[in-house]
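Working notes, beginning with the structure itself.
Every number in this text was worked out from the coordinates using simple rules, so none of it is lab data. In this text, all values refer to a predicted model and were calculated from it rather than measured experimentally. Reconstructed Cβ throughout: ideal geometry from the backbone, glycine too, with neighbour counts over all protein chains shown.
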Amino acid sequence: MDACIFGLGRIGLPIALVCAEAGYKIVGIDINDSLINKLKNRDTIFDEPGLKSLLIKHLNNNFIPKHQLEDISLDLKQSEYIILAVGTGFAKYPNKPNLSTLYSVIGQLIATGIKGKTIILRVTLPIGTCDEVKSFIEKKTGLKEGKDFWFSFVPERILEGKAIVEEPLLPKIIGAYNDEGFLRVSNFFKKIGGEIVRVSNPKTAEFIKLIDNSWRNTRFAFANELAFLAEGNDIDVIEAIESANKGYKRNEIPRPGPVSGYCLGKDPYLLELSFEKISFRRGFNSLWYYGRRANDWLFEKVAEDIEGSTVLIAGISFKANIDDFRNSHGIEIINRLSKRGCNILIYDPFLDKNIYTKLPEELAKDLTVYTSFEKALEAHFDTIIIATNHEEFKKEKFRKIIKGLPENVKIIDLWDIYR
């Protein structure tokens, strides 16, 4: 066996199957019973273009799914590489992420035997976590990184909906502690594809992962701040941005809109954990922190802007055509409206399709759910919020229905679909 990959979620499973496609023998390991059973039955628990076909192609050949509590000791002993893609949960600054799952896996590796292994972390972490984990391993085992085992950080940078396509193409940023560790890790990724980019150490690679999403979040926050300002001055912000960008290459101002999800909603806050000393010294937080706060405030503003007491929310996913409600602006808006005592109607084509699209239990009991957008639009509501720009919502028949709603129905179109 070439590698064991811990964590078969939205990141780990695509990575595992791309590795299998590259010719590696992979054991994929997860603690979720339902997930492992589905994989063994040639099925996935979330949608990702190309994922299921790779699973069917490589199942029980180059890819073997196993439960973490199964006897995987032989697999771990036979594997040269151990890749960790376990989640750390969502933590909003100043709270810190929960690293218990990561350390649990590290403990399992130590118990099985870590000598001679190359361990690669691909999970988003606060800056300095790799140093702490490396020290933990060395203290627990008496082994020395660079001599007895090798430890590195290679940030994953794939997008949901494009994971299978992007993983073989995107550059692989490798943060290793020494030349031997870098050589081992780079040899593994050369077979997968993408330019190899070496950085000085794992801490630098951790930093790069966080600045990717923090930069994108901040760009979008700038556009949202413009929208807030334009609204207060009776200015069409879309007209202003498009005109400002036209023929002026120094401007690449994006359109305003919701910014949420598991990465963009989390990573700026993780990066802020390492900025605390600077914040304390100068008396204010970072630019990306306030950018994230601005994007978070949009959820509150939407809740404040509704009219009436009955609200239809169209779309819960954090972005178009993706079956993932985690940390989505749709959930955030529902939370705020629920606290205001609103009667909330919802529709999303992915609702209850998998573990990523289930509503929190405390919210679900008070909602009216529709199984089709057409039926939802026939209901009585005072405000409709187009929260996600799913392709379904762009159909001409729905455009006509929404444009033909009574004048006393307020339309909050967060994606400017019906302009």
message: Net charge around Asn62, counting only other residues with Cβ within less than 11 Å of its Cβ (Lys, Arg = +1; Asp, Glu = -1)?
response: 0
- line: For 270-281, 231-242, ranked highest to lowest by mean beta-carbon neighbours within 10 Å, the order is 270-281, 231-242
field: Cα gyration tensor category, rounded, prolate or oblate, for the stretch 202-297 with a/c compared to 1.5
entry: prolate
query: Which whole-number percent gives the relative contact order of the chain, counting Cα pairs below 8 Å spaced six or more residues apart?
result: 12
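If you add up the charges near Ile82, with Lys and Arg at +1 and Asp and Glu at -1, over every other residue whose beta carbon is less than 13 angstrom from its beta carbon, what do you get? It would help to have the intermediate numbers written out before the result.
Details: positive: Lys77, Lys115, Lys117, Arg122, Arg184; negative: Asp2, Asp75, Glu80.
Taking every other residue near Ile82 into account, the sum is +2.
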- prompt: Fewest to most neighbouring Cβ within 10 Å: what's the order for Tyr103, Tyr93?
  reply: Tyr103, Tyr93
- prompt: So which lysines can Lys403 reach, going by Cα to Cα under 29 Å and dropping same-chain residues fewer than 8 places off?
  reply: Lys246, Lys301, Lys319, Lys375, Lys394, Lys395
task: Given a cut-off of 19 Å, name the pairs among Lys115/Lys209; Lys96/Lys203; Lys25/Lys191; Lys209/Lys266; Lys266/Lys365 whose C-alpha atoms lie farther apart than that in the structure shown.
output: Lys115/Lys209; Lys266/Lys365
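In the stretch 171-252, what trypsin sites (Lys or Arg not before Pro) fall in a loop by DSSP, with at most 14 other Cβ atoms inside 10 Å? Before the final figure, lay out each step's value.
Working: sites: Lys172, Arg184, Lys190, Lys191, Arg198, Lys203, Lys209, Arg216, Arg219, Lys246, Lys249, Arg250; in loops: Lys191, Lys246, Lys249, Arg250.
Filter output for the stretch 171-252: Lys191, Lys246, Lys249, Arg250.
Would you mind putting 324-333, 393-402 in packing order, based on average other-beta-carbon counts within 10 Å, highest first?
Numbers: 324-333: 23.2, 393-402: 13.7.
Sorting 324-333, 393-402 by mean packing, highest first, produces 324-333, 393-402.
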query: Using a ≥ b ≥ c from the Cα gyration tensor of the stretch 218-270 (square roots of the eigenvalues), is it rounded, prolate or oblate, where a/c under 1.5 gives rounded and otherwise the larger of a/b and b/c decides, a/b for prolate?
result: oblate
- request: Please compute the net charge surrounding Ile331, taking Lys and Arg as +1 and Asp and Glu as -1 over other residues with Cβ under 12 Å from its Cβ.
  value: -1
- prompt: Most exposed first by the Cβ proxy, i.e. fewest other Cβ within 10 Å, how do His380, His390 rank?
  reply: His380, His390
- line: Expressed as a whole-number percentage, the relative contact order of the stretch 1-110 with C-alpha contacts under 8 angstrom and at least six residues apart is 33
message: With just the Cα atoms defining each centre, how far is the stretch 295-340 from the stretch 112-155? Give it in Å.
response: 40
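Based on the Cβ-Cβ distance of Arg42 and Phe222, what FRET efficiency does E = 1/(1 + (r/R0)^6) give at R0 = 60 Å, to the nearest 0.05?
On the way: r = 45 Å, r/R0 = 0.75.
Here the calculated transfer efficiency is 0.85.
Classify the stretch 3-199 from the C-alpha gyration tensor, please: rounded if a/c falls under 1.5, else prolate or oblate depending on whether a/b exceeds b/c.
Working: a/c = 1.36, a/b = 1.30, b/c = 1.05.
It comes out rounded by the Cα gyration axes.
Calculate the dipole size of the chain relative to its Cα centre from +1 charges on Lys and Arg beta carbons and -1 charges on Asp and Glu beta carbons; express the result in debye to the nearest 20. List each step's numbers first, then the result.
Details: 58 positive and 57 negative charges, 236 e Å.
Dipole of the chain, to the nearest 20 debye: 1140 debye.
Would you mind ranking Asp305, Asp382 by Cβ crowding within 10 Å, fewest neighbours first? Walk me through the numbers on the way to the answer.
On the way: Asp305 12, Asp382 16.
With the fewest neighbours first, Asp305, Asp382 line up as Asp305, Asp382.
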field: Cβ crowding within 10 Å averaged over residues, with 110-119, 339-348 ranked highest first
entry: 339-348, 110-119
